[in-house]
Amino acid sequence: METKSVDRVGSGSDVQPTTLLRPLPIEYTPEYCFERLHHLPGCVWLDSSMPQAELGRYSYLGVDPFMRVRIDRPHASAVAQLRDYIAPFRQSKLEGIPPFQGGWMGWFGYELGRSFENLPRAQHNDFNLPVAALGLYDLVLSWDHQREEGWIVSQGFPAQEGTARSKRAYSRLKEITQLLAGVPKRSSTNHGGYELTNLQLAPQYSTRWNNWTSNFAPEQYRSAVGEAVEYIHAGDVFQINLSQRLLTRATASSPELYMHLRKVSPAPFSGYADFGRIQVISSSPERFLRLDDGCIETRPIKGTRPRLSDPTADRGMGTLLEVSEKDRSENVMIVDLMRNDLARVSDYDSIEVESLCGLEEYPFVWHLVSVVRSKLMEACTTSDVLRCTFPGGSITGAPKIRAMEIIAELEPTVRGPYCGSLGYISFAGDMDLSILIRTITACNGWWQAPVGGGIVADSKPDLEEQETWYKAEGMLQAIDSLK
């Protein structure tokens, strides 16, 4: 297959660099490519496993980044450092192919929020989880599911001089092309490449699901819900998102688990990220933020009901969610929070709620989803947007800062990737990040699968605990069927 090269001028540079493009054969699906490339370092797959028109239009796969960054602890310059690292490679994007053509891919953990505000941390970080792990990718495979097209995009970075960059771009493209034509490598059998280790775990309690423990006993979680309701009645907050961490021993490699999960519980913001000791495996339905040519979109989810096997009863369950005053009020609170966050970086008159409490269906649950859009203020950057909005309001509560303080008090362990974000920040300054719910963190031979829900003034502890199990069902069924 002939390589197509496209010459273009990178913004802020006098050098005319060359971006190499190669169309992918139709049989080179994301699944096919992942099977052949997942063994490479820094494999990240932003996978629209449940295509939904514009939501699930694109998928991206990056491997072997030319720079990797792990942020071990929150600090004020964390996001600024990422901005500075990518600055020498900034350039506009090519039209006619998927918009992410290289840049940062990876995850931000929930605790990165402590970089922006003076917040306490949960008592236990028993897996020594960092607050972020990302790679800077000069080669990306991308797919436009709407047009049924795929591409390899090779930028040639970190080389900057024209000839050197062109040579690297061609060498990288050739290497990946050869790997894609080869036989898939078997997944590692030792659960992500790391031996099981004896860790000093936070206290664990039996659950209703075989082989899974929780960092809360059932009565402890219900008690924590009661404490959250007391904070709400006292006027501290309007809403708190409270979660429990489910834990079990890994029984398969992380690539095997992800390929299985995406079949059983597909979602438009699914993804996989492997940065060595930790793999993030997600079937998230929720977009946190998209920044595209200065336009910002957030899609907070609040409101959940289980799916039922009988079609009539199932539709009735969705209708009950649509008319639920409690769930709609939760959703509206988070919409107001996100509007306030976006107002710090947006032209104020541009902020609009395009959809309020829309009903969406997924394999195991119904959700209420809202859509808020705005226009980025001219003086603001991608890092400003992250600083002013992270983490997402749907997984904190409102007001956000006080809710996060109470979460650190009530939840015994750090969240890590859960309730953070997975996605990209491109060389062009665009960004697309999910909210990491329905997410498994594989680490040191263990699988962590936290689940949570929003607590409001009229929350009932028993029902709130039950809701966490509705949300966990897709992941836990996937794992059980894998065994």
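The values are calculated or read from the model by the stated rules, or taken from the named source; none is laboratory data. Worth saying up front: this structure is predicted, and the values here are computed from it rather than measured. Please note: Cβ atoms are built from the backbone with ideal geometry, for glycine as well, and neighbour counts cover all protein chains shown. These accessible areas exclude ligands, DNA and RNA; they are computed on the full protein's heavy atoms, side chains included. Shrake-Rupley method; radii C 1.70, N 1.55, O 1.52, S 1.80 Å.
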Label-point gap, in nm, between residue 117 and residue 164 - each point 7 angstrom along Cα→Cβ: 4.5
Projected onto the charge dipole of region 193-261 (+1 at Lys/Arg Cβ, -1 at Asp/Glu Cβ, origin at the Cα centre), which of 229, 239, 252 gives the Cα projection farthest towards the positive end? 252
Suppose R0 equals 56 Å; then what is the FRET efficiency for residue 379 and residue 310 from their Cβ-Cβ distance, rounded to the nearest 0.05? 0.55
Hey, quick one: spin label on residue 199, modelled 7 Å out along Cα-Cβ, who in region 96-128 has an amide N within reach, i.e. under 16 Å? 109-111, 122-128
Roughly speaking, what is the stretch gain from residue 323 to residue 174, that is 0.36 nm per residue apart minus the C-alpha to C-alpha distance, in nm to one decimal? 48.1 nm
Two pseudo-spin positions, 7 Å from Cα along C-beta at residue 125 and at residue 340, lie apart in nanometres by 2.8
Carbon and sulfur atoms account, in whole percent of the 1.4 Å probe accessible area of the chain, for 49
Largest to smallest accessible area among 292, 274 [probe 1.4 Å]: 292, 274
About the Cα centre of the chain, how large is the charge dipole given +1 on each Lys and Arg Cβ and -1 on each Asp and Glu Cβ? Please answer in debye to the nearest 20. 1280
Can you classify region 52-179 as rounded, prolate or oblate using the Cα gyration tensor, where a ≥ b ≥ c are the square roots of its eigenvalues, rounded means a/c under 1.5, and otherwise it's prolate if a/b beats b/c and oblate if not? prolate
Keeping all protein chains in position, work out how much accessible area residue 388 exposes to a 1.4 Å probe, and write it in Å² to the nearest 10. 10
Taking the reciprocal of mean 1/r across every pair of different Cα atoms in region 267-343, the Kirkwood radius in Å is 15.3
Scattering from the C-alpha atoms of region 65-104 alone, worked out with Debye: what is log10 I(q)/I(0) at q = 0.27, 0.29, 0.31 1/Å? -1.02, -1.09, -1.15
Just going by the charge dipole of the chain, with Lys and Arg at +1 and Asp and Glu at -1 on Cβ, which of 271, 385, 300 is farthest out on the positive end? 271
Relative contact order of the chain, please, whole-number percent, based on alpha carbon pairs below 8 angstrom and at least 6 residues apart. 22
If region 278-392 were replaced by its equivalent ellipsoid, with semi-axes equal to the square roots of 5 times the Cα gyration tensor eigenvalues, what would those be, largest first, whole Å? 30, 16, 11
Say the cut-off is 22 Å between C-alpha atoms; which of 185/471; 302/400; 263/460; 302/326; 93/375; 174/263 go over it? 185/471; 263/460; 174/263
Could you grab the Rg to Rh ratio for region 341-383? Cα atoms only, Kirkwood for Rh. 1.17
So how much accessible area does residue 427 have, in Å² to the nearest 10, using a 1.4 Å probe? 10
Could you work out the Kirkwood radius for region 435-483, taking every pair of different alpha carbons, averaging 1/r and inverting it, reported in Å? 12.2
Ordering of 223-231, 314-322 by burial proxy (mean other Cβ atoms within 10 Å per residue, highest first): 223-231, 314-322
What translational diffusion coefficient, in µm²/s and rounded to a whole number, does the Stokes-Einstein relation yield for region 402-445 at 20 °C and a viscosity of 1.002 mPa s, taking the hydrodynamic radius as the Kirkwood radius over Cα pairs? 169
Over the chain, with the other protein chains present, what is the accessible area per residue in square angstrom, probe 1.4 angstrom? 39
Dividing the alpha-carbon Rg of region 348-481 by 2.2 N^0.38 Å yields what? 1.20
Largest-first principal axis extents, alpha carbons of region 87-153, Å: 48, 27, 18
In whole Å, how far is the Cα centre of region 249-271 from that of region 437-456? 13
At R0 = 51 Å the Cβ-Cβ FRET efficiency linking residue 219 and residue 355, nearest 0.05, sits at 0.85
I need two numbers for region 21-107: Rg to one decimal and Dmax as a whole number, Cα atoms only, in Å. 15.2, 45
Interatomic Cα distance distribution for region 149-279, bins of 10 angstrom, percent: 9, 20, 27, 19, 14, 10, 1
Helix by helix, which DSSP H runs in the chain go 30 Å or more along their axis at the Cα atoms and have an average Kyte-Doolittle hydropathy of -1.0 or more? 461-482
So how much slack lies between residue 332 and residue 466, counting 0.36 nm per residue of separation and subtracting their Cα-Cα distance, in nm? 46.0 nm
One finds, for residue 186 and residue 31 with R0 = 22 angstrom and r their Cβ-Cβ distance, a FRET efficiency to the nearest 0.05 of 0.90
What does the extension gain come out to for residue 81 and residue 477, with contour length at 0.36 nm per residue minus their alpha carbon separation? 138.6 nm
Calculate, in whole percent, how much of the Cα-Cα pair population of region 132-187 lies beyond 16 Å. 57
Cα-derived Rg to Rh of the chain, Kirkwood definition: 0.96
